[in-house]
1. Antiparallel versus total DSSP beta bridges in the chain: what percent is that, nearest 5?
2. Provide the per residue accessible area, probe 1.4 Å, for segment 166-233, rounded to a whole number of square angstrom.
3. Check which residues have an amide H placed less than 5 Å from Asp67's amide H, if you skip close sequence neighbours.
4. Using a 1.4 angstrom probe and counting only protein chains, how large is the accessible area of Lys260 in Å², to 10?
5. Grab the DSSP H runs of the chain that are 4 residues or longer, score each as -39,500 (n - 2.57), total them, divide by all residues and round the 222 nm result to the nearest 500 deg cm²/dmol.
6. Most mobile of Val284, Val64, Val125 per a Gaussian network model of the chain (Cα springs, under 10 Å)?
7. Please work out how much length the chain gains when fully extended from Lys232 to Val276, using 0.36 nm per residue of separation minus the C-alpha to C-alpha distance, in nm with one decimal.
8. Dipole of segment 12-134, Cα-centred, from +1 at each Lys and Arg C-beta and -1 at each Asp and Glu C-beta, to the nearest 20 debye?
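The values are calculated or read from the model by the stated rules, or taken from the named source; none is laboratory data. Because the structure is predicted, anything quoted here is derived from the model rather than measured. Using ideal geometry, Cβ is built from the backbone for each residue, glycine included, and neighbour counts are taken over all protein chains shown. Note: accessible area is taken over every heavy atom of the protein model, side chains too, but ligands, DNA and RNA are not part of it. Shrake-Rupley method; radii C 1.70, N 1.55, O 1.52, S 1.80 Å.
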Amino acid sequence: EALGHFANDYKVIAIAGTHGKTTTTAMVAEILIEAGLDPTVIVGSFIKKLNSNFRKGDGGYLVVEADEYNRHFLSLHPFVSLILNIEADHLDYYKDLQDVQHAFGKFLSQSENKIVDYQKYLEKVPKLLVPGIHNRMDAAAALAVADFLQIREEIAQKALAEFAGTWRRLEKRGETAQGTIIYDDYAHHPTEIIASLQGLRELYPAGEKNIIVLFQPHLYSRTKALFDDFTKCFKGADQVLLLPIYFAREDKDESISSEKLAEAIAKTGEKAQAFVSFEEAEIVIKSLNLGPNDIFITMGAGEAYKVADKVFNIA
């Protein structure tokens, strides 16, 4: 509600969707900055170029990540509304996909501008520094916003070509003395996991590198509601390691666990193992003796990255 009041002083460009909000918000922000429009920016993660999730500008635009949880985004009345995609998520709050769609429909109705399909801008996306079709789709959406604001195409493409990404979005954290490359990613929904692994495989094709995923499921409700999808979404990985479920705002649900998820993943033919604690995970990962043929990626909205901090001395 406070954000809605704050936003009243601006022409709001609100980026919504189940996936890709943070990256696209950052992309749009960098395009507007490159165009000299000096926007104010509020995004859900640190933009590497700004080293912050906030930028105070003197221009008339506010570029903001619009969160659908609890229908928070309905506090905004945007000049431009961008919806990237819609899937069943936050089912601890929404009743079902139809309920989610209804909320997005109301969000869209609060913006009076014409509707444009951003996919037609995909062919105009320049070569990006960040891998994956999901990032190219986000860039296409950002180009659609730029076109609507009548920003010259070459300015928008330059900003996208130089876009370095955001914190915890398929972020390369470093390389160990043994040559193992360490990544961290915020993916906590099956669709996001598939997209991130696909992006990694663009950089490191199967057969060239092994990908070891350390995933921390986020919320009992999400793990339970999307259980079947979670069993199938790690196909690009060579090994899946699971931390205990990050329960956040929820009470413990004995009917669901990382152990049950690991068993189900293993039944699909994937190599999967669950740990009862971070400490156990650290001991086992150290024993793997990962080397130059390995990519180790922590995934999830919780604190899986802390295991990499400990095991690989990454700070």
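1. Working: 8 of 40 bridges.
Once the DSSP bridges in the chain are tallied, antiparallel ones form about 20 percent.
2. I get 38 Å² per residue for this part.
3. Phe73
4. 90 Å²
5. Values: 11 runs with 112 residues, N = 315.
Only helices count here, giving -10500 deg cm²/dmol.
6. Taking springs between Cα atoms under 10 Å, the residue moving most is Val284.
7. Working: separation 44, 0.36 × 44 = 15.84 nm, distance 2.21 nm.
That works out to 13.6 nm of additional length.
8. Values: 12 positive and 15 negative charges, 63 e Å.
The dipole magnitude comes to about 300 debye.
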